[in-house]
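This report concerns only the one structure given below.
The values are calculated or read from the model by the stated rules, or taken from the named source; none is laboratory data. Values in this document were obtained by computation on a predicted structure and should not be read as measured data. Here the Cβ is made from the backbone with ideal geometry for all residues, glycine too, and neighbour counts use every protein chain on show.
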Amino acid sequence: MSKYIRKYLIAGNWKMNLNAAEGADLAKEVAGLVGHQTLVGVTVCPAFTSLEAVAKVVEGTNVSLGAQNMHAKASGAYTGEVSAEMLRHLFCSFVILGHSERREYFKETDAEVNEKLLTALDGNLKPILCVGETLEQRESGAMLEVIKQQVEGGLAGVSKDKLENVVIAYEPVWAIGTGKTATPEMAQEVHAAIRKLLTGLYDEGAAARVRILYGGSMKPENAPELLAQTDIDGGLIGGASLKASAFADIVGAAVKLAS
Ligand code: PEP
């Protein structure tokens, strides 16, 4: 099945950077550069505090909005947390879940990520489920088992008809923010393994519709080759998403491949 049944998605993870005014400025630049094309999906994921300002800027453009996290419960006594409904209210379409920084610093487990993912889908948010191995896990040969556990754990209870609203991001932990990128072949190997896993869990048709993004020091220089791989359907971009021109160049690489 051709990869072009899937629309490329380039998502920017701004992490804990930029206040609301700075976020709006960056979003303005991004929307100006790539907000008019429709071949490739583009989304930016600012901090919660910038969502409203960025939503106003990207309204009416082809740049959509995502959050970086959410709570699994709908409402209640969870001081400091934000619900799926609150994110929808601010026009979020996506939510990043299970990012390795949340797994590492906030000890998020697959079960917690799964609970959030099910809530996100119920709330009409498209989850971007992050999975990836550490260097130690890769070197010990446990990589595919780790990925399997994270994919199966994260997707538990997701029905076949909801699967296409899930985006998976393969982000080798050793490549995040380090400047070290998986080679296109290394990334493709894991992406293909994830798609095979999805085929086993669902079926070939359902697996073929899921977008699997690569994340880990993706930049304009390496994006064309990574995005050309059969099972790489976009990128989750950290550092390079904070520079409008670099982010736009990555989108441009995807547009070229999709044209
Ligand atoms: C990320 O944290 O999702 C990421 C891919 O970061 P970077 O692009 O900076 O490696």
Tally of residues being part of a loop (DSSP other than H, G, I, E, B), of a type in the set (Val, Ile, Thr) and within 16 Å of the ligand (Cβ to nearest atom) across the range 157-212: 4
Report yes if some residue within the range 72-94 is within 19 Å of Ile212 (Cα to Cα), at pLDDT 95 or above and in contact with a Pro (Cβ under 8 Å, 6 or more places away or on another chain); otherwise report no. yes
State which residue is nearest to Thr43 (Cα to Cα) when the search covers only the range 230-259 and only residues that are assigned to a loop (DSSP other than H, G, I, E, B) and either in contact with a strand residue (DSSP E or B) (Cβ under 8 Å, 6 or more places away or on another chain) or hydrophobic (A, V, I, L, M, F, W, C) (or both). Gly238
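Please go through the range 66-123 and give me each residue that is among the β-branched types (Val, Ile, Thr) and in a strand (DSSP E or B), ordered by number.
Val95, Ile96, listed by residue number.
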What tally of residues in the range 213-243 results from selecting those that are over 19 Å from Ile194 (Cα atoms) and within 15 Å of the ligand (Cβ to nearest atom)? 14
So Cys92 passes all but one of these: (1) without any contact (Cβ under 8 Å) to a residue 60 or more places away in the chain; (2) closer than 23 Å to Gly239 by Cβ; (3) within 16 Å of the ligand (Cβ to nearest atom). Which condition number does it fail? (3)
Mind checking which pairs have a first residue in the range 120-147 that is farther than 19 Å from Gly216 by Cβ and a second that is among the aromatic types (Phe, Trp, Tyr), Cβ under 7 Å, 6 or more apart or different chains? Leu125/Phe94; Lys126/Phe94
I'd like the full set of residues that are buried (at least 23 other Cβ atoms within 10 Å of the Cβ) and farther than 18 Å from Ala254 by Cβ, limited to the range 15-56. Leu26, Ala27, Pro46, Ser50, Leu51, Val54
Counting only residues that are assigned to a loop (DSSP other than H, G, I, E, B) and touching a residue at least 24 places away in the same chain (Cβ under 8 Å), which one in the range 215-229 is surrounded by the fewest Cβ atoms within 10 Å (Cβ to Cβ)? Ala228
Taking the range 125-137, which residues are within 16 Å of the ligand (Cβ to nearest atom) and either in a helix (DSSP H, G or I) or of a type in the set (A, V, I, L, M) (or both)? Ile128, Leu129, Val131, Leu135
Test set (1) outside any loop (DSSP other than H, G, I, E, B); (2) closer than 30 Å to Thr109 by Cα - Ala24 fails condition number: (2)
Meets criteria (more than 16 Å from the ligand (Cβ to nearest atom) and either part of a helix (DSSP H, G or I) or touching a residue at least 40 places away in the same chain (Cβ under 8 Å) (or both)) for Gln150: no
Of the criteria (1) modelled with pLDDT under 95; (2) more than 21 Å from Gly35 (Cα to Cα); (3) surrounded by fewer than 24 Cβ atoms within 10 Å (Cβ to Cβ), which one Ala182 fails: (3)
Scan the range 14-69 residue by residue and report those that are of a type in the set (S, T, N, Q) and either more than 16 Å from the ligand (Cβ to nearest atom) or modelled with pLDDT under 95 (or both). Asn19, Gln37, Thr38, Thr49, Ser50, Thr61, Asn62, Ser64
